[in-house]
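The values are calculated or read from the model by the stated rules, or taken from the named source; none is laboratory data. If you're wondering where the values come from, they're calculated on a predicted model, not measured in any experiment. Please note: Cβ atoms are built from the backbone with ideal geometry, for glycine as well, and neighbour counts cover all protein chains shown. Areas reflect the complete protein model, heavy atoms only, side chains present, ligands, DNA and RNA absent. Shrake-Rupley method; radii C 1.70, N 1.55, O 1.52, S 1.80 Å.
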2 protein chains.
Amino acid sequence: MDVEQFRKAGYAAIDQICDYYSSIEQRDVKSLVKPGYLLDQLSTTPPTKGEDFPAIAADFQRLVMPGITHWQHPKFFAYFPSTVTFESILGDMYSSAVSNPGFNWACSPACTELEQVVMEWMVTVLGLDDVFRTSSGKGGGIIGTSASDMCLTAAIAARERALRVLARDHHQVNGTATPTEGPTDVPYSVRSENTKRLVMYGSTQTHSIGVKTALLLGLTFRTLPVKSADGYALRGDLLKAAIEEDIKKGFVPFFVIGTVGTTSSGAVDYIGDIGEVVHQYPTMFLHIDAAWAGMAWALPEQREALRLAEVNKYGDSVCTNAHKWGLVGFDCSLFFVRDRRDLTEALDVTPTYLRTKEADAGAVIDYRNWQLALGRRFRSVKLWFVMRGYGVEGLQAHLRNGISLCSDLVSEVAKDAKFEIVAPPRLGLLCFRLLKDGASASELDKLNVELHTRLAERPDVHLTQTILKSEDRGEIFCIRFAIGALRTTKQDVEEVWDEVVKESDRLVLEGNQVTN
Amino acid sequence: MDVEQFRKAGYAAIDQICDYYSSIEQRDVKSLVKPGYLLDQLSTTPPTKGEDFPAIAADFQRLVMPGITHWQHPKFFAYFPSTVTFESILGDMYSSAVSNPGFNWACSPACTELEQVVMEWMVTVLGLDDVFRTSSGKGGGIIGTSASDMCLTAAIAARERALRVLARDHHQVNGTATPTEGPTDVPYSVRSENTKRLVMYGSTQTHSIGVKTALLLGLTFRTLPVKSADGYALRGDLLKAAIEEDIKKGFVPFFVIGTVGTTSSGAVDYIGDIGEVVHQYPTMFLHIDAAWAGMAWALPEQREALRLAEVNKYGDSVCTNAHKWGLVGFDCSLFFVRDRRDLTEALDVTPTYLRTKEADAGAVIDYRNWQLALGRRFRSVKLWFVMRGYGVEGLQAHLRNGISLCSDLVSEVAKDAKFEIVAPPRLGLLCFRLLKDGASASELDKLNVELHTRLAERPDVHLTQTILKSEDRGEIFCIRFAIGALRTTKQDVEEVWDEVVKESDRLVLEGNQVTN
C-alpha cells in the first residue's frame, strides 16, 4: 500500500468509525454469535498474494463486526465500563504511526517524558499524595497494561523488599556484611529459606488477580472473609489476626491487596485500619487495587468514601485503570509507587546492548526497569489527548453523570419490593436480585440464575453476574448493573431496567403457574 | 469532540501520517534532544477545561515529534528493526474503535476467533509443526506483548509442569493419591521443598529477558559460556554437563532458553543437541526465543540455518515477534506452545464474574487463561491486515530484501582490511569492529567505544553496540549494523557505511597523530 492508498483507506476508516458511533445505539449491545462463527468463515490458509485494502476493510465489516459486543454502546452495563473516546482513538493513531518498542528513554525520548508529564497530571487529577509524583524523586508513576499486570509487579517488588528486610536481619544475626548479589542483594540462603514462607492476603472480594498473582509466583494466598454488615469490605482486625496466626506458624506476611471498589459490589476495604496493621510488620507491603473506582478520586466529593486519605497515607502502590471508566481506550493502567526503588531494585537488568549514556548518567528514566516486560507502547499520547481534550472538568462531568444515573436507578429499584439491593450501591454499580415470597436462599439463587440466563440470551440487555460471599449471609447470587459508558442516558438505563422488570415478572408468573 | 470534529481531526491525522512517511528520509534518524527536553516545555498541571483538538495535534508535531527517533527511517540500523506498515496502522485504528478488554471469548467473540485464525496462518507461514496449531487440539498460539512477557509465561508454565512431575514422584513414593489443590495440583510441601532447587539455563548470549525472568520468579539462572569458534551458539554437551553437575548438588533443572538469532550477533543455538539433552530430564522445558530471527522461518531457504526442524521437534514453546522484522507495529509477539495445558494448568483462575456458558461448555478459548494478565487488546486485526495486505510473498520479499542488503554490506566490509567481522553475519545483522595495527585487545575495545561514541553523537547515524563474550576470545566490544526497515535501500546502507568508514579514518588518523 503506498501513501495515497493509505490516505484513501485511512479516510475510509475514519468514516467507518464515524458511522459506527453515529448509529451505535441502533445496534444490539451484545453479539450472540455462536462459538466458531468466524473460524467457520475464514480460510485456514494465509493468502499468498497481497490483496487490495478495500476488500480487507469490507471483510472487517462483514465478518468481524457481527462478533463484536459493543462496549461503547449506551446500554452496556456488564462487567465494568471500558470507555474509549475519539481523543483516545486519535492518540492510538499518532502512537502507532511512530511505532517503537520504547524500552529505554533513548528509544524515543518523547515517549518516556510525555508519560512522566501525564502521570504527574494524574497525581493531581486523582488527588494522590505528592510522594507518588516522579518529580518527588522518591515515588513515581508508570502506565501499564492492566491491573493484573500491575498487581503482579507490585507483588514482585514486595517480595524482594521483604527478602531484603530478612537479609538484613540475617546479616545482623550472623555479623556478616550485606553482600552485593545483583540488584536484589538477597543471599541465596535467605531467598531459599524464606520464599516458601511468604504469604499474600486479600478478601473473598479481592479480584481474582490476587489469587492469580500468587499462582504466577508460586506463593501462598490467604483469603479472608468479609461481612455483609461491613458492606463486603475487609477489616483490619481480621487481617491482624490472620497475620499473627501465620507468623506463629512460621510464615512471613509480605503483601496485602486493599481494594477500593471491588469487582463484585464496589466495596471499599478499611484501608486505614489495614494500613495501620501493615505498618506494624516491616516485611509487609500494601497494594491498593482501585482498578475501577480509583478514577472517581477525580471527584473531590467521592474522596472520603473512597478512602483516598488512607490510600495516600498507607499505600505502597496504587493502581487504577484509565481504560475502565476513564475515557482512555484499553490498555492504560495507571500505576503509582511510594518508593520507586521498590521497582528498580526488583526489576533492573541492563546488558551492554541496552545501555545508554543518558541512563548511565542517571539523567533519565528507563521505564523497562519499572515493569516486567522489556518493550512498551507509546500509551501516554492517548491519555494526554484525553486529558487535554476533556480537561479535568470534562472527566469529572463524565464520572458524575454515571454516578447520577446509577443513583436514579437505585431509587427506582429501592421502590420495587420484588427486588433486593444486595450490597451498598457504589458510584455506577448496583448489585440486585429478584425476591420471591417464601423462597429459600437456594431457591432465590436458582431464580436469579434463571433470570440472568434469560437476560443473557437477549442481544439488547447485557448484565453480568456475581456471587457475593459473606460470613453473615453466606453466598448470594446476584446481578450487577454497571453504568459508565460515555453515551449512556437516563432513558438507556430505564429501558434496560424495564426489560429486567418484565423478565422478572414473566419468571415469577411462570413459577407461580407451575406451583399452582 | 463530536463525530464531525472527529472526522476532521481523523482526516488531518491521516494526512499527517502521509506527510510523515512521504518525507521520512529527509529527517534525521535519531533524536538528539537532551534529557528533560519535553518535561521543560509542558505544564506540570493538567488543564481544567477541554481544548480544541487542532491545538493538541499541533503540540504533538511541535513538541513530541522532535523527541521521536524514527524507527521507520530507511537509515535505522540500531537494535533490531521494529517495522510498522500502513496496514498495521489501519489495524490499530479498527481495533481501538471497538476497544474492549478482551479477557474472555464472550467479551467480543470476533477478537478471540480472529486471533485463532491468524495464529493458525502464522504456523503455516513460519513452517511450524502442526502441533502448534490451536486446531490440533493439543498446542496452540496466542498473541502477546513482548518476547520478555512470553519468556516469563513459558517459565511459569515450565515451573508448574516440573512441580507436577515432582508431585507425582512424591505421591508414588508416599503411596498417596494425587490431591487436587487448585489448577496446579502441587501439594505445598512439594512446592516449598523444590522451588528453591529449580534452575534455569541459558548462555552468555541469551537475551537479558532470561535473567530478568529468573529475577521476577526469584529463581536461579545459570549462564553457560559459548565459544567464538561455535559462532557464539550454545552447545548441548555444555548444557548436559551443567545439568548433571547441578543435579549432583541437589538442584532441579527445569527450563532452558534456546535462542534462534541472539540479540548480540544473531547466533543460533544448537537446538537439536539441546533438545536431545532436554528430553532426558522429565522436569525440563525448552523455550525457543526467536524474537527477531524467527520471522525469517517464513523463508524456506533459511529454515535449515535457523534450525526450524529441531525447533519443531524439541521446542515446548516458541516465540517470535511480528513487531520486529515482521511488518506489524509494536506490540505483536507470536507465542506458540506444544501443549496448551502447560499454560492453562498454570494460569487458569475463573471467579464467578468471569464465567460464561460458552467457556463452561469448553466450546471456546478464553485467552486470559493462556497469559499472565487478565485484559488483552484486539491485536489480531493488525496482523490480519498485514498478512492479507502483503500476502506471504510480500512478507518474504521484505525479509529477503533485508538479507540481501546485509549480504552486500558484508561483502563490502570483508574487503576492507581495517574492519573485522566479529561474528558470523546472520540475516540482516552484522557485528563489526575497527582494527588497528599492533593494538592490544583493550586498545581495540577503547578504539571501538570511541568510534561508537562519535557515531552516537550524530543524528544521521544510528547503530548500537554490544560486547561479544566467548571462552576462546574473551570480551570484544563491537558495533551492530541491523538492517530490516521497510524503506531501506542499498543506497541507505552504503551512505551510512560510508560515514562509519569516514569516522573510522578520522579516528585512526587522530590516533596516529597523537602517537607520532
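What is the one condition in (1) part of a helix (DSSP H, G or I); (2) at pLDDT 95 or above; (3) touching a helix residue (DSSP H, G or I) at 6+ places or on another chain (Cβ under 8 Å) that A:Gly511 does not satisfy?
(2)
Scan (1) open to solvent by less than 10 Å² (accessible area, probe 1.4 Å); (2) not in a helix (DSSP H, G or I) for the single condition A:Leu42 breaks and write down its number.
(1)
Hey, could you check segment A:85-122 for residues that are over 22 Å from B:Ala9 (Cβ atoms) and charged (D, E, K, R) and say which is surrounded by the fewest Cβ atoms within 10 Å (Cβ to Cβ)? I'd like the intermediate steps shown before the answer.
Taking segment A:85-122 first, the residues over 22 Å from B:Ala9 (Cβ atoms) are A:100-109, A:112-113, A:115-116, A:119-120, A:122.
Remaining after also requiring charged (D, E, K, R): A:113, A:115, A:120.
Values: A:Glu113: 26, A:Glu115: 25, A:Glu120: 23.
Taking the candidates together, the pick is A:Glu120.
Kindly provide the set of residues from segment B:107-158 that are in a loop (DSSP other than H, G, I, E, B) and touching an Asp or Glu at 6+ places or on another chain (Cβ under 7 Å), ordered by number. Reasoning before the result, please.
Here is the first cut: in segment B:107-158, the ones in a loop (DSSP other than H, G, I, E, B) are B:108, B:127-129, B:133, B:137-139, B:145-146.
Answer for segment B:107-158, where residues must be in a loop (DSSP other than H, G, I, E, B) and touching an Asp or Glu at 6+ places or on another chain (Cβ under 7 Å): B:Arg133, B:Lys138, B:Gly139, B:Thr145, B:Ser146.
Given the conditions (1) of a type outside the set (Asp, Glu); (2) in contact with an Asp or Glu (Cβ under 8 Å, 6 or more places away or on another chain); (3) under 30 Å from A:Tyr79 (Cα atoms), and given that B:Asn100 satisfies all but one, which numbered condition is not satisfied?
Of everything listed in (1) of a type outside the set (Asp, Glu); (2) in contact with an Asp or Glu (Cβ under 8 Å, 6 or more places away or on another chain); (3) under 30 Å from A:Tyr79 (Cα atoms), B:Asn100 misses just condition (2).
Please indicate, with yes or no, whether at least one residue in segment B:81-100 is more than 30 Å from B:Ile483 (Cβ to Cβ) and more than 7 Å from chain A (Cβ to nearest Cβ).
Taking segment B:81-100 and keeping what is more than 30 Å from B:Ile483 (Cβ to Cβ), we get B:94, B:96-100.
Still in the running and more than 7 Å from chain A (Cβ to nearest Cβ): none.
No, there is no match, as no residue in segment B:81-100 is more than 30 Å from B:Ile483 (Cβ to Cβ) and more than 7 Å from chain A (Cβ to nearest Cβ).
Quick check on this structure: which one of A:Ser82, A:Ser95 is small (Gly, Ala, Ser), closer than 29 Å to B:Met122 by Cβ, assigned to a helix (DSSP H, G or I) and in contact (Cβ under 8 Å) with a residue 60 or more places away in the chain?
Values: A:Ser82 fails: assigned to a helix (DSSP H, G or I).
Answer to the selection: A:Ser95.
Kindly indicate whether B:Phe432 is open to solvent by 10 Å² or more (accessible area, probe 1.4 Å) and closer than 28 Å to B:Gly202 by Cα.
On the way: open to solvent by 10 Å² or more (accessible area, probe 1.4 Å): no; closer than 28 Å to B:Gly202 by Cα: yes.
Judged against the criteria, B:Phe432 is not a match.
Only residues that are assigned to a loop (DSSP other than H, G, I, E, B) and crowded, with 16+ Cβ neighbours inside 10 Å: list them for segment A:1-27, please. Full working, then the answer.
Filtering segment A:1-27 for residues assigned to a loop (DSSP other than H, G, I, E, B) gives A:1-2, A:23, A:27.
Once the filter is applied, which keeps residues that are assigned to a loop (DSSP other than H, G, I, E, B) and crowded, with 16+ Cβ neighbours inside 10 Å, segment A:1-27 yields A:Met1, A:Arg27.
When the residues of segment B:46-60 are narrowed to those that are of a type in the set (Asp, Glu) and more than 7 Å from chain A (Cβ to nearest Cβ), which ends up nearest to B:Val3 (Cα to Cα)? It would help to see each step written out before you state the result.
We begin by selecting, within segment B:46-60, every residue of a type in the set (Asp, Glu); these are B:51-52, B:59.
Next, only the ones that are more than 7 Å from chain A (Cβ to nearest Cβ) stay: B:52, B:59.
Values: B:Asp52: 14, B:Asp59: 22 Å.
So the residue we want is B:Asp52.
Can you tell me which of B:Phe336, B:Phe330 is open to solvent by 10 Å² or more (accessible area, probe 1.4 Å) and assigned by TED's automatic domain parsing to the domain that holds B:Lys227? Give the derivation first.
Working: B:Phe336 fails: open to solvent by 10 Å² or more (accessible area, probe 1.4 Å).
Only one candidate passes the filter, namely B:Phe330.
If I ask for residues that are more than 7 Å from chain B (Cβ to nearest Cβ) and out of contact with any Gly (no Cβ under 8 Å at 6 or more places or on another chain), which ones from segment A:199-221 would you list?
The answer is A:Val199, A:Tyr201, A:Ser203, A:Thr204, A:Gln205, A:Thr206, A:His207, A:Thr213, A:Ala214, A:Leu219, A:Thr220.
Give all pairs with beta carbons closer than 8 Å in which a residue from segment B:22-40 that is touching a residue at least 24 places away in the same chain (Cβ under 8 Å) meets a residue that is open to solvent by 70 Å² or more (accessible area, probe 1.4 Å); count only pairs at least 6 apart in sequence or on separate chains.
Taking only residues 6 or more apart or on different chains, the pairs are B:Leu32/B:Glu457.
As an exercise: evaluate A:Leu63 against (1) more than 7 Å from chain B (Cβ to nearest Cβ); (2) open to solvent by less than 10 Å² (accessible area, probe 1.4 Å); (3) under 30 Å from A:Ser380 (Cβ atoms) and give the number of the one condition it does not meet.
(3)
Could you list, in sequence order, all residues of segment A:253-276 that are over 26 Å from A:Phe432 (Cβ atoms) and open to solvent by 10 Å² or more (accessible area, probe 1.4 Å)?
Selection gives A:Gly272, A:Asp273, A:Glu276.
From the list A:Ala363, A:Ala397, A:Ala346, A:Ala373, which residue is within 11 Å of chain B (Cβ to nearest Cβ), surrounded by 24 or more Cβ atoms within 10 Å (Cβ to Cβ) and farther than 26 Å from B:Phe103 by Cα?
Working: A:Ala363 fails: surrounded by 24 or more Cβ atoms within 10 Å (Cβ to Cβ); A:Ala397 fails: surrounded by 24 or more Cβ atoms within 10 Å (Cβ to Cβ); A:Ala373 fails: farther than 26 Å from B:Phe103 by Cα.
The conditions single out A:Ala346.
Return yes when B:Lys446 is outside any helix (DSSP H, G or I) and not assigned by TED's automatic domain parsing to the domain that holds B:Leu306 and no when it is not. Break it down stepwise before answering.
Values: outside any helix (DSSP H, G or I): no; not assigned by TED's automatic domain parsing to the domain that holds B:Leu306: yes.
No.
Check A:Lys196, A:Lys240 and return the single one that is buried (at least 17 other Cβ atoms within 10 Å of the Cβ), over 26 Å from the mean Cα position of the chain (by Cα) and within 12 Å of chain B (Cβ to nearest Cβ). Reasoning before the result, please.
Working: A:Lys240 fails: within 12 Å of chain B (Cβ to nearest Cβ).
The unique qualifying residue is A:Lys196.
From the list B:Lys490, B:Lys502, B:Lys469, which residue is over 25 Å from B:Leu32 (Cβ atoms), open to solvent by 10 Å² or more (accessible area, probe 1.4 Å) and away from every other protein chain (no Cβ under 14 Å)?
On the way: B:Lys502 fails: over 25 Å from B:Leu32 (Cβ atoms); B:Lys469 fails: away from every other protein chain (no Cβ under 14 Å).
Checking each option against the conditions leaves just B:Lys490.
Which ones in segment A:435-461 are buried (at least 18 other Cβ atoms within 10 Å of the Cβ), touching an Asp or Glu at 6+ places or on another chain (Cβ under 9 Å) and within 13 Å of A:Val500 (Cβ to Cβ)?
Scanning segment A:435-461 gives A:Leu451, A:Leu455, A:Val461.
Just the residues that are within 14 Å of chain B (Cβ to nearest Cβ), open to solvent by 70 Å² or more (accessible area, probe 1.4 Å) and at pLDDT 75 or above, please, taken from segment A:161-193.
Start the filter on segment A:161-193 by keeping residues that are within 14 Å of chain B (Cβ to nearest Cβ), which leaves A:161-164, A:166-167, A:181-193.
Those still in the list that are open to solvent by 70 Å² or more (accessible area, probe 1.4 Å) too: A:181, A:188, A:193.
Correct list: A:Tyr188, A:Glu193.
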